[in-house]
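Undergrad: Just dropping this structure here.
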Amino acid sequence: AQTVTQSQPEMSVQEAETVTLSCTYDTSENNYYLFWYKQPPSRQMILVIRQEAYKQQNATENRFSVNFQKAAKSFSLKISDSQLGDTAMYFCAFMKYNNNDMRFGAGTRLTVKP
Amino acid sequence: DAMVIQNPRYQVTQFGKPVTLSCSQTLNHNVMYWYQQKSSQAPKLLFHYYDKDFNNEADTPDNFQSRRPNTSFCFLDIRSPGLGDAAMYLCATSRGQSRGSQHFGDGTRLSIL
């Protein structure tokens with residue numbers, strides 16, 4: 001079974017600064033997808049960024065980028081120029097290729113301070 | 001806008017009284033999922049439908065059932081809710097074998113009296 005571990009239950013960052021959220025996972029699969037989802041307080045979960053395991057290049061979406069280390073099974077999320085609206089719960093998730101079963105980590109609660 | 005809609009946002013039911021949560025989608029996605037999310041925890045997959053094919057997670061209690069009468073709608077039925085079933089229930093959709101991104105609804109927060 002695949003497991004996803006987020007070792008930082010809570011983090012905080014000052015507005016405009018950079019923060020990195022950690023995620024590790026355990027799998028014997030070679031092809032899979034990794035995701036970071038954001039869940040603001042009382043709001044819906046939205047996809048932040050997605051990485052296909054076969055791609056060596058790290059995914060980026062505006063201020064969000066990942067550091068994907070396949071051999072180390074590590075998938076960290078970097079948020080640059082943090083904004084107050086980035087305050088949310090962030091979940092790392094894993095899914096095998098051609099499978100609909102997504103496994104989430106326990107989440108990291110990020111607070112951006114003014 | 002295409003979206004995933006869950007009704008109601010908040011549901012209160014009595015201990016042991018059956019309750020149904022609903023989810024609809026305008027995305028025309030093949031797959032619909034139901035997750036249970038307890039406070040400050042990760043969403044836990046209960047089951048999903050790939051088109052009409054129902055896929056139950058091994059550890060989903062028998063108390064939880066689902067129906068998908070058509071592509072657009074999916075229901076979560078809790079036959080005899082217990083206090084431990086109080087949670088946020090999230091519906092999500094995806095296009096199936098499509099790189100996996102899931103689109104979530106706002107969720108229904110279920111309270112048990």
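The values are calculated or read from the model by the stated rules, or taken from the named source; none is laboratory data. All figures in this text were calculated on a predicted structure; none of them were measured in a lab. Here the Cβ is made from the backbone with ideal geometry for all residues, glycine too, and neighbour counts use every protein chain on show. The accessibility values were calculated without ligands, DNA or RNA, using every heavy atom of the protein model including side chains. Shrake-Rupley method; radii C 1.70, N 1.55, O 1.52, S 1.80 Å.
Undergrad: Taking A:PHE64 as the residue in question, decide whether it is facing chain B (nearest Cβ under 8 Å) and at pLDDT 95 or above.
TA: No, not satisfied.
Undergrad: Keeping to the range B:23-69, report how many residues are among the β-branched types (Val, Ile, Thr) and either touching a Pro at 6+ places or on another chain (Cβ under 7 Å) or open to solvent by less than 20 Å² (accessible area, probe 1.4 Å) (or both).
TA: 2
Undergrad: Suppose we filter B:GLY84, B:GLY96 for residues that are assigned to a loop (DSSP other than H, G, I, E, B) and of a type outside the set (D, E, K, R); which single one remains?
TA: Sole residue among the options that is assigned to a loop (DSSP other than H, G, I, E, B) and of a type outside the set (D, E, K, R): B:GLY96.
Undergrad: Can you confirm whether the range A:11-18 contains a residue that is assigned to a strand (DSSP E or B), touching a residue at least 60 places away in the same chain (Cβ under 8 Å) and over 18 Å from A:ARG63 (Cβ atoms)?
TA: No, that holds for no residue.
Undergrad: Among the residues of the range A:1-58, what is the count of those that are surrounded by fewer than 16 Cβ atoms within 10 Å (Cβ to Cβ) and among the aromatic types (Phe, Trp, Tyr)?
TA: Going through the range A:1-58 one residue at a time, the tally reaches 1.
Undergrad: For residues that are closer than 19 Å to A:GLY85 by Cβ, of a type outside the set (A, V, I, L, M, F, W, C) and touching a residue at least 12 places away in the same chain (Cβ under 8 Å), tally how many sit in the range A:44-62.
TA: 1
Undergrad: Scan the range A:89-105 for residues that are in contact with a Phe, Trp or Tyr (Cβ under 8 Å, 6 or more places away or on another chain) and open to solvent by 10 Å² or more (accessible area, probe 1.4 Å) and report the count.
TA: Result for the range A:89-105: 5.
Undergrad: Let me ask something additional. Can you find a residue that is over 26 Å from A:PRO40 (Cα atoms) and either at pLDDT 95 or above or in contact with a strand residue (DSSP E or B) (Cβ under 8 Å, 6 or more places away or on another chain) (or both) anywhere in the range B:1-12?
TA: Taking every residue of the range B:1-12 in turn, none turns out to be over 26 Å from A:PRO40 (Cα atoms) and either at pLDDT 95 or above or in contact with a strand residue (DSSP E or B) (Cβ under 8 Å, 6 or more places away or on another chain) (or both).
Undergrad: Criterion first (surrounded by fewer than 12 Cβ atoms within 10 Å (Cβ to Cβ), in contact (Cβ under 8 Å) with a residue 60 or more places away in the chain and of a type in the set (A, V, I, L, M, F, W, C)) does A:ALA71 satisfy it?
TA: no
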